[in-house]
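S.K.: After the structure tokens below, expect a handful of questions from me.
No lab work stands behind these numbers, since they all come straight from the coordinates. On a predicted model such as this, the values are computed, not experimentally measured, just so you know. No Cβ is skipped: glycine too gets one built from the backbone with ideal geometry, and neighbour counts run over all protein chains shown.
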Amino acid sequence: MRHLLDTRTLAREDAIRILDVAEDMADTQSREVKKLPTLRGKTVVNLFFEDSTRTRISFEAAAKRLSADVINFAAKGSSVSKGESLQDTAQTLQAMGADAVVIRHSASGAPRTLATSGWIEAGVVNAGDGTHEHPTQALLDAFTMRKRRYGADSRGRDLAGFRVAVVGDILHSRVARSNVWLLHTLGADITLVAPPTLLPQDISAWPVTVRYDLDKAIAEEPHALMMLRIQLERMNASYFPSEREYSRRWGLDARRLAGLPDGTIVMHPGPMNRGLEICAEAADSPRSTVLEQVKAGVSVRMAVLYLLLTGQNTATTEEER
Amino acid sequence: MSTRPEFQRTVLHDADIARALTRIAHEILESNRGPDDLILLGIPTRGVTLAHRLAALIERFAGAPVAVGALDVTMYRDDLAKHPTRTPQPTQIPAGGIDGKVVVLVDDVLFSGRSIRAALDALNDIGRPAAVRLAILVDRGHRELPIRPDFVGKNLPSARSERVNVRLSEVDGAADEVSIESPVASDVAASDIAASNTGAPETDGGEAR
């Protein structure tokens, strides 16, 4: 694996490999000494052109647990605010000897540009680009689902027959897109639930079922209900009449929580708007996997950095015992 | 494994392997003066199988169960950048941890010693055992580090270019066997043989030290 740019082109075997390695990484995180020497001497740059706390510290923790050096580059207050281009920033990082670049950018496709431009030799990890993809979020979601479903017996398994309902702002959500492609690759059945205004114009090519009514989607007994964050900063147009109306029709409130089938898990990529798309009871209930997702995030990102920064992908050799 | 290369010969058959493991189990019990505080940690994949077999033998001879687990060393290797990406295997440490215990590391083949160096580093992050010992089914020489096994199934002088294959029924689904495979027979010059390199003078049949 050279880069991780999206989940749409991620092969099933690569996806399962990342999840399996993440299992091993998760095991090391319960030890007294959580740090592994694996990436000693490697430099990981967190190149964040958009604000992010959770994703950045998750990548930072993952890189540090593997003993890599981490350089955080936030666009605010940097040379980018003085008008530096992506090319010049990349070439600067190349000159400094970055081995991997974790990039978040408001423009869809910026990570691919970085990976294919020849400006930089480092491995590129997409940490969210525009409304395109956020592959590590989908991988940690899949990891969490697999863990809840199969427990300690998760290694090597996919999500065949697992029903997932993704609820909320699909239109602006890169998390939803990455999840659709990855979960489809892993064999899950995906239902999107949203007001028509918050769905992309043409999703006939997506491997999903669309519902406009959350209660109908819940009646179909999904194994996982993924509530997306309503990004109030993006709600400048009239996508729905009011927050109260949205909450009443598409929010997971106490009544809907009580009506969920046994075993259905409630997921949220965070940060949550409690009382809008998810009520406090749901967020704090045993069904909620919010904190498990955060924990899985570090393991999955450790796995991705490990696979990106060590060797190339072929079978293990017999040498050097 | 279905087609056998031309220059492959079997050095240990299943009965030989069973005898070697029986002897190692006795030696572990002897040096530890019984089964108390013993933990056997196998290095994946075949080391784990061997550790379980040794644990069963020790339990039979000593009449008391002995803790057994797995220790993956992938993340501690020093050659991660020089080889294809390795997929890590699970590490399982017996409940109660390794602090103050006598850990016996178990692996199938001892070669450069770098896996064992990695295993010692991995142990360091898990706890502080009272002592660490090393049990090996086949010692093929060519050490690159000052590491030496405490219990050896067989010293097997080999050329660097040769491959030593260990087959165990639990992992490989075929009868137990240790074989040695040469790329081209004539390549193996006498000077390349590592007999003097095994770190221990050979006794009869290359067994025991």
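S.K.: Want the number for residue B:95 to residue B:81: 0.36 nm per residue separation, take away the alpha-carbon distance, what's left?
M.R.: 1.7 nm
S.K.: For B:7, A:240, which order do you get if you count the other beta carbons within 10 Å of each Cβ and list the fewest first?
M.R.: Taking fewest neighbouring Cβ atoms as first place, the list is B:7, A:240.
S.K.: Follow-up question, since we're still on this one. Rounded, prolate or oblate for segment A:185-268? Axes are the square roots of the Cα gyration tensor eigenvalues, ordered a ≥ b ≥ c, and the cut-off for rounded is a/c under 1.5.
M.R.: Because a/c hits 1.5 or more and a/b fails to exceed b/c, segment A:185-268 counts as oblate.
S.K.: Separate question: What list do you get for A:306, A:212 if you sort them by fewest beta carbons within 10 Å?
M.R.: In order of increasing Cβ crowding within 10 Å: A:212, A:306.
S.K.: Can you pick out the pairs among A:42/A:147; A:34/B:101; A:64/B:82; A:34/B:154 whose Cα atoms lie more than 25 Å from each other?
M.R.: A:42/A:147; A:34/B:154
S.K.: How many Å³ per residue does the convex hull of the Cα positions in the protein assembly as shown occupy?
M.R.: 181 Å³
S.K.: May I have the pair-distance distribution P(r) for segment A:66-129, computed from all Cα-Cα distances with 5 Å bins from 0 and rounded to whole percent?
M.R.: 4, 17, 28, 31, 17, 3, 1
S.K.: Can you pull the percent of Cα pairs in segment A:135-289 with separation above 20 Å?
M.R.: 45 percent
S.K.: Counting only other chains, what is the mean number of Cβ atoms within 10 angstrom of the Cβ of each residue in peptide B:70-83?
M.R.: Counting Cβ atoms of other protein chains within 10 Å of each residue's Cβ and averaging gives 5.
S.K.: Continuing with this model, one more query. Roughly speaking, what % of Cα-Cα pairs in segment B:36-170 are separated by over 17 Å, rounded to a whole number?
M.R.: Percentage above 17 Å: 59.
S.K.: Related question: Neighbouring Cβ atoms within 10 Å as the yardstick, rank B:108, A:51, A:262 fewest first.
M.R.: Least to most surrounded, the residues fall as A:262, A:51, B:108.
S.K.: To the nearest whole percent, what portion of all C-alpha pairs in segment A:1-72 is separated by more than 13 angstrom?
M.R.: For segment A:1-72, the fraction of Cα-Cα distances above 13 Å is 73 percent.
S.K.: Right, next: How big is the equivalent ellipsoid of segment A:107-161 along its three axes, where each semi-axis is √(5λ) from the Cα gyration tensor, reported in whole Å from largest to smallest?
M.R.: 31, 13, 8
S.K.: Anyone know which of A:104, A:40, A:148 comes out most mobile in the 10 Å Cα GNM of chain A?
M.R.: Among A:104, A:40, A:148, the largest GNM mean-square fluctuation belongs to A:40.
S.K.: While we're looking at this one, here's another question. If you wrap a convex hull around the Cα atoms of segment B:115-176, how much volume per residue is inside, in Å³?
M.R.: Roughly 128 Å³ of hull volume per residue.
S.K.: What FRET efficiency comes out for the pair residue A:69/residue B:144, r = Cβ-Cβ distance, R0 = 30 Å, nearest 0.05?
M.R.: Computed FRET efficiency for residue A:69 and residue B:144: 0.60.
S.K.: Here's something else I'd like to know. Within 10 Å of each Cβ in peptide B:114-126, how many partner chain Cβ atoms are there on average? Round it to a whole number, please.
M.R.: Per-residue shielding by partner chains comes out at 2.
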